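Participant: This is the structure I want to talk about, given as structure tokens.
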Ligand SMILES: NC(=O)c1ccc[n+]([C@@H]2O[C@H](COP(=O)([O-])OP(=O)(O)OC[C@H]3O[C@@H](n4cnc5c(N)ncnc54)[C@H](OP(=O)(O)O)[C@@H]3O)[C@@H](O)[C@H]2O)c1
């Protein structure tokens, strides 16, 4: 972030990050705090987490009461941006996908994104009424627009998250909300431990690479909106 003309752009910003306890979410939280932003981080297990000037709250994005408490803490802190990052992976052939697993994945990745966003929209509207803009950055996936064998459930959740993101961009245009979709390919995280075929993990994206993309969106000048960022490790096939 040096020499980009964006130095200092995050000082004084307050950013809510879901799934902030590890992987991409933790890297986003660390990068934001290092740039002077205040992070309001949430995950189901936030024990032992701390970053300068930031606060971590227990959050289950599938639970309305938990989301409401998290949103209230974020609003009290003066949140101006939300990073919907919490998510789970699940990879199995169609014939093996159970209704329970369907609900776990869709509830976390789709309903979770919906609930947290919805809880903050009144605050974003109120900010707009006093001339301030807001941002939502959704970490979806490169597979929010393509699929593969064993990917039915996960990619269905990511297609849905992409649709939610794009509809929000349309609606939010009316109340000063800039919405960005971050679409990473393979990233070396805890999540990736659930994926078969890990031979190239050392060459995959690092969580910090995705955090860079999130910060790029969050520090765009106020007249610019970054609609989406698609990024891959070089070892991954080119697939549009
Ligand atoms: N890794 C990849 O290759 C990759 C690629 C593209 C996109 N993504 C996306 O990136 C996002 C982050 O994934 P990651 O790779 O960083 O995974 P990760 O290392 O497993 O981290 C997932 C985070 O989400 C939190 N989380 C899970 N369920 C939650 C719930 N119900 N409520 C609140 N927080 C919850 C976890 O904390 P708790 O368990 O403590 O709640 C954790 O902080 C996901 O949306 C994923 O789909 C990942």
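The values are calculated or read from the model by the stated rules, or taken from the named source; none is laboratory data. On a predicted model such as this, the values are computed, not experimentally measured, just so you know. We place every Cβ from the backbone using ideal geometry, glycine too, and count neighbours over all the protein chains shown.
Participant: Quick one: would you say residue 5 is under 20 Å from residue 220 (Cα atoms) and touching a strand residue (DSSP E or B) at 6+ places or on another chain (Cβ under 8 Å)?
Facilitator: Taking the combined requirement at face value, the residue does not satisfy it.
Participant: Being crowded, with 16+ Cβ neighbours inside 10 Å, under 22 Å from residue 23 (Cα atoms) and either without any contact (Cβ under 8 Å) to a residue 60 or more places away in the chain or within 12 Å of the ligand (Cβ to nearest atom) (or both) narrows it down to one of 164, 115, 177, 168, so name that one.
Facilitator: After ruling out the rest, the residue left standing is 115.
Participant: Just checking, how many residues over region 196-224 are modelled with pLDDT under 95, surrounded by 12 or more Cβ atoms within 10 Å (Cβ to Cβ) and over 22 Å from residue 154 (Cα atoms)?
Facilitator: Number of matching residues: 1.
Participant: Now, a different point. Suppose we keep only residues that are crowded, with 22+ Cβ neighbours inside 10 Å and more than 16 Å from the ligand (Cβ to nearest atom) within region 118-140. Which one would you say is nearest to residue 166 (Cα to Cα)?
Facilitator: Among them, the one singled out is 135.
Participant: Considering only residues that are within 13 Å of the ligand (Cβ to nearest atom), more than 17 Å from residue 122 (Cα to Cα) and either at pLDDT below 95 or out of contact with any strand residue (DSSP E or B) (no Cβ under 8 Å at 6 or more places or on another chain) (or both), which ones fall in region 41-100?
Facilitator: Of everything in region 41-100, those that are within 13 Å of the ligand (Cβ to nearest atom), more than 17 Å from residue 122 (Cα to Cα) and either at pLDDT below 95 or out of contact with any strand residue (DSSP E or B) (no Cβ under 8 Å at 6 or more places or on another chain) (or both) turn out to be 47, 48, 60, 62, 63, 88, 89, 90, 91.
Participant: Still on this structure: Could you identify the single residue in 19, 23, 12 that is on the phi > 0 side of the Ramachandran plot, surrounded by fewer than 19 Cβ atoms within 10 Å (Cβ to Cβ) and either at pLDDT 95 or above or over 11 Å from the mean Cα position of the chain (by Cα) (or both)?
Facilitator: Answer to the check: 12.
Participant: Cβ-Cβ below 8 Å, separation at least six or inter-chain, first residue in region 132-151 and part of a helix (DSSP H, G or I), second modelled with pLDDT under 95 and away from the ligand (no atom under 12 Å from the Cβ): which pairs?
Facilitator: Correct list of pairs: 142/239.
Participant: Applying the selection to region 1-38, what residues are closer than 16 Å to residue 212 by Cβ, assigned to a strand (DSSP E or B) and within 13 Å of the ligand (Cβ to nearest atom)?
Facilitator: Answer for region 1-38, where residues must be closer than 16 Å to residue 212 by Cβ, assigned to a strand (DSSP E or B) and within 13 Å of the ligand (Cβ to nearest atom): just 17.
Participant: Suppose we keep only residues that are more than 17 Å from the chain's Cα centre (by Cα) and within 24 Å of residue 106 (Cα to Cα) within region 47-71. Which one would you say is surrounded by the fewest Cβ atoms within 10 Å (Cβ to Cβ)?
Facilitator: Only one residue tops the list, namely 65.
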